[in-house]
1. Could you figure out which of (1) within 30 Å of Q45 (Cα to Cα); (2) loosely packed, with under 15 Cβ neighbours inside 10 Å isn't true of N193?
2. So how many residues does segment 1-18 have that are modelled with pLDDT of 55 or more and either part of a loop (DSSP other than H, G, I, E, B) or more than 20 Å from K210 (Cα to Cα) (or both)?
3. Would you mention how many residues in segment 132-151 are free of Cβ contacts under 8 Å to residues at least 40 places away in the same chain and out of contact with any Phe, Trp or Tyr (no Cβ under 7 Å at 6 or more places or on another chain)?
4. Among the residues of segment 22-33, write down those that are assigned to a strand (DSSP E or B) and either among the aliphatic types (A, V, I, L, M) or closer than 14 Å to S220 by Cα (or both).
5. Looking at Y198, Y162, which one is of a type outside the set (A, V, I, L, M), under 18 Å from the mean Cα position of the chain (by Cα), farther than 30 Å from N80 by Cβ and buried (at least 17 other Cβ atoms within 10 Å of the Cβ)?
6. Given segment 139-217, what strands (runs of 3 or more DSSP E) lie entirely inside it while holding 1 or more residues that are touching a helix residue (DSSP H, G or I) at 6+ places or on another chain (Cβ under 7 Å), in the same structural domain as I51 (by TED's automatic domain parsing) and modelled with pLDDT under 90?
7. Can you tell me which residues in segment 55-65 are in a strand (DSSP E or B) and either out of contact with any helix residue (DSSP H, G or I) (no Cβ under 7 Å at 6 or more places or on another chain) or exposed (fewer than 13 other Cβ atoms within 10 Å of the Cβ) (or both)?
Amino acid sequence: MNILYLLLILTSLLNASTYLAKVEPYRYLKIKTQVAGIVTYSNKQKEFTYIKDKTKIISLKTKEENISLQSLKQSLKIQNEILKIHQKNFRKKQKVIHISKYEKSQEHLLVLNTKQLINTINKSIGILEKNISDKKFYENNIYINEIFIEKDEYVDVGELLYEIYDFSKLKLVVFVKADEVNHLEGKKLFVDNIHNDYIIEKISQVRDNKRISMYKVVLSKDNLNNNNIYFGQVVKVEFR
């Protein structure tokens, strides 16, 4: 059994409103790629650092997509010009009485076909732009943990690229006995005997599947100094 949780249970037996918890980052995320490709940039220098401003972490090769995108945009420009011509011709023919309905309908059909082609091109551009966007990974206001890939490596769909921690808040998780969980709201929260600005963020509505007599309670507070971090520190939590 994890030593921290063993201490937590022993402490709970001594004092029903006193618990031990480990200071944790607010969130931990694994960043994976949704597309396959060759790595053209891996910012390994940013491993184990806090990033404030928007910074590129990983990028995959997009040369072919960029060429296709430019070609599609050029085609779109041409088709928009063609559409203007067809629309102009259609308006003129509508005003001429001796032109047959068939000829007028054929001109209208050209307008509709061109519009449909433009819609198809726009959809293709959107797909390509998303694909290009999915190959570039930027982060800001986040802690970069480990970066798992190097430049010139090939990555497949779903492959793990890097890990990040959200330091915007600090988090404590305690497991509270069933007969106490309904009485927490009216109590003051102390951490290491100091009245603290942690708040109760979540209280589980069902008992924990490992600690069957307890409910999971998540506490959090804003981390005002992202460079002043004490994650992993074990603290005493009291509800008085």
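The values are calculated or read from the model by the stated rules, or taken from the named source; none is laboratory data. Just so it is clear, the structure is predicted and the values come from calculations on it, not from any experiment. Methodologically, a virtual Cβ is constructed for each residue, glycine included, from the backbone with ideal geometry; neighbour enumeration extends over all protein chains shown.
1. It is condition (1) that N193 fails.
2. So the count comes out to 2.
3. Of the residues in segment 132-151, 1 are free of Cβ contacts under 8 Å to residues at least 40 places away in the same chain and out of contact with any Phe, Trp or Tyr (no Cβ under 7 Å at 6 or more places or on another chain).
4. K22, E24, P25, Y26, R27, L29, I31
5. On inspection, the qualifying residue turns out to be Y162.
6. Passing ranges, in order: 160-177, 199-203.
7. Those that are in a strand (DSSP E or B) and either out of contact with any helix residue (DSSP H, G or I) (no Cβ under 7 Å at 6 or more places or on another chain) or exposed (fewer than 13 other Cβ atoms within 10 Å of the Cβ) (or both): K56, I58, S59, L60.
Results for (1) within 30 Å of I142 (Cα to Cα); (2) touching a Lys or Arg at 6+ places or on another chain (Cβ under 8 Å); (3) assigned to a strand (DSSP E or B), shown as yes or no for each residue.
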residue	(1), (2), (3)
L20	yes, yes, yes
Q45	yes, no, no
D53	yes, no, no
L69	no, no, no
I85	no, no, no
K104	no, yes, no
